[in-house]
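Here's the structure, in structure tokens; my notes come after.
Derivation of every value follows stated rules applied to the coordinates shown; laboratory data play no part. These numbers come from a predicted model, not from an experiment. We place every Cβ from the backbone using ideal geometry, glycine too, and count neighbours over all the protein chains shown.
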Amino acid sequence: MKIHGKELWFENPRAPGGSTLFDAQAGAGHAVPRRWIWLGALALVAAVALAYSNAFSVPFLFDDVGSITANMSLRDWRAALFPPSGETVGGRPLLNVSLALNYAISGNSVWSYHFFNVLIHIVAALALFGLARRALAGGRAGWSGREAFFCALAAAGIWALHPLQTEAVTYVVQRAESLASMWYLLVLYCFARSAPAMETGGRKTKTHFWLAASVLCCALGMATKEVMVSAPALVLLYDRAFVSGSFGAAWRARRKFYLALGATWLVLAACVLMSGFRGGTAGFSGQVTWWMYAATQARAIPMYVKLVFWPAPLVFDYGVRFVFSPAQVLPQIIIMALLAAAALFAMFRWPRAGIFGALFFAVLAPSSSFLPIITQAMAEHRMYLASAAIVTPVVVLCWRLARGRRALLAAAAVAACAVAVVFGALAWRRNATYQSELCLWLDTAAKAPGSERAQCYAGRALILAGRCDEGVARCLEAARLNPRYDEAYYFAAMGLSALGRNEEAIACYQQALLYLSRDDRLHTDGTYLYMGMALRALGRDAEARAAFEKAVVLNPGNTDCLNNLGNYALLAGDYAGAEKYYRQALAAEPGFAEAHGGLANALAAQGRDAEARKHYEEAIRLNPQMAQAHYNYARLLQRLGDTAAARAQAREAARLSPGSVEAAELLKTLQ
């Protein structure tokens, strides 16, 4: 078996005496006891659990809303296999199923989602630990089982505790990245587990089991996220570098395995076609050209690499700003070209070292090359697995330089522990930033002041926290940064309405409608709803009613607008029209208490007292605090001659609304 060139760690695939690269017994007298492996794994689990111990109460954030709390497919196991397009779960059925499992366990309570995310991260760290240990153990270069163990544990620990990983672990919906990376590492690990049996003529059953497990993990990964597309190629590179010595030998020995592995691309193709390129949020849509996106990634990737070595500042959201001219990032393009050339050269000259460059670029390629993802120009979670391709060789190189020198080895071990502890503390601290939406978005806006999305959502969070003046200012700053940013106007209008500045709010709602996409019906009908409420507050009822009608045309299931239209019809004496609107609202939302109360009023006005009584009782059951429903029901009961029941309802109405003159007068007449 011949590999051209001298390797960084191994001179030959086989050690003296026929032992293999993966032989845990290589290096006589230096084999690692099995209990060490278990203790190392336990230490890794404990360290990760401690670093993320404050992540379990982090609320749902940003894309979590569309992919989890508003994702109706999570309520039905059959629907979970067909996630909604346009969201993070789009075209990723296994990701959606995993979230459906969490929903079955805890509904919209966050603890189970975070437990699963941390568990996925732990499994990924253990897979990296096992993979690195098996790749390093043995060989004529003298790596003993003990050396491989300590080096692999250091690499896995530093990687798992790195604060750069927090976005993929603590931000629930970015389980997409960590879960796919877990499958990716398991594909390689299972193949590595099969290698000793292949090399030493071990039991074929054991070999076939691990190869089948590798194919299964690959298929599951393909159904999780597109980053898995390169996994079959990486297995082949790993086989060539660490097992077979050449592509030809790998193919001849395991042709059926590679055909099965390649067949998993069909799973990915089906998922992509099913989602329509994730609802148009990815692909060559024309909004962002391939060269604009590639130039933006030339700026992003060096920044990612810097964050691996110096994880500050960490930014939750970098916005959607793209580079419009390659000349703006020419130095970064040159750096990227040199890095890619070095990785390609290393793959042929030093295969075992070059595989890390291949992993780095292969994992980043789906999201950080030239295929545009228009919703995010840059994102730290994309470095989740790619960072392992930097951390692992750096740790191995440091260990390699210290070998044979006890003092240096001790210093390297202490340094590795210190880095892991510092990284774990930084991860814990970063998780604290995620504890509230307000804290996270203010942190993001401070670190990325030029990002209109950061400013807009910081403003939204301030408005929801009751700090409307500050929130409106932030949203208007976002609109200044991007005058066509519809959400900035929308949230600014919400804040202005809360401040009672309805004329200004209406102007902002009109601006939002001007820039909202024609296809964005969900947000457009919501904008009409709130603009209608602002118009109603100003007494401009004809305009308000017209706004509600436009919303219903866009979304016939907008229950708030249907209810408001019912109220307008009721006030106008159009009781049949009011009944129609209320019934439409209840068809869309049977538990809408206000619509039941309105329908009861419309029925009572038409003399249909028995039906009205039923709906008053349902409205009160659904919302016992609705004083107006108690008052109207009391009047109906008075007319029906049930004085005692009417008195009880009037008394409840007066209790719930102490300032109501009508309730007080009615109660007097019933005494």
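State the extension gain, in nm to one decimal, for the chain segment bounded by A340 and L538, taking 0.36 nm per residue of separation less the distance between their alpha-carbons. Full extension of this stretch gives 65.1 nm more. Put the Cα centre of segment 638-671 next to the Cα centre of segment 493-560 and the gap is 36 Å.
Classify segment 438-508 from the C-alpha gyration tensor, please: rounded if a/c falls under 1.5, else prolate or oblate depending on whether a/b exceeds b/c.
Numbers: a/c = 2.73, a/b = 1.34, b/c = 2.03.
Oblate, since a/c reaches 1.5 and b/c is not below a/b.
Simple spin-label estimate for L266 and A432 gives 5.3 nm between the two label positions (7 Å along the Cα-to-Cβ direction from each Cα).
Could you work out the relative contact order of the chain? I mean the mean sequence separation of Cα pairs under 8 Å and 6+ apart, divided by the number of residues, in percent.
Values: 1093 pairs, mean separation 74.1, N = 671.
Computed value for the chain: 11 percent relative contact order.
When the chain is described by a simple charge dipole with +1 on each Lys and Arg Cβ and -1 on each Asp and Glu Cβ, the residue from W210, A427, Y103 located farthest towards its positive end is W210.
Quick test of the membrane-span-like rule: which DSSP H helices of the chain reach at least 30 Å along their long axis (C-alpha atoms) with mean Kyte hydropathy at least -1.0? List each step's numbers first, then the result.
Numbers: long enough: 111-136 (37 Å, 1.21); 175-200 (38 Å, 0.51); 406-433 (41 Å, 1.29).
Those that clear 30 Å and a mean of -1.0 are 111-136, 175-200, 406-433.
When the Cα positions of L496, Q638, G597 are compared along the charge dipole of segment 486-669, Q638 comes out farthest toward the positive end, with charges on each C-beta of Lys, Arg, Asp and Glu. Dividing the helix sum by the residues of the chain, where each DSSP H run of 4 or more adds -39500 (n - 2.57), gives a mean residue ellipticity at 222 nm of -22000 deg cm²/dmol.
If you average the C-alpha positions of segment 227-272 and of segment 571-608 separately, how far apart do those two centres end up, in angstrom? Result: 63 Å between the Cα centres. Sorted on the mean count of surrounding Cβ atoms within 10 Å across their residues, most packed first, peptides 531-541, 243-253 read 531-541, 243-253.
Considering just Cα atoms, how many Å³ per residue does the convex hull of segment 486-669 enclose? Numbers along the way, then the final one.
On the way: hull volume 22.0 nm³, N = 184.
Roughly 120 Å³ of hull volume per residue.
Spatial offset of segment 146-196 relative to segment 49-83 amounts to 22 Å, using the alpha carbon center of each.
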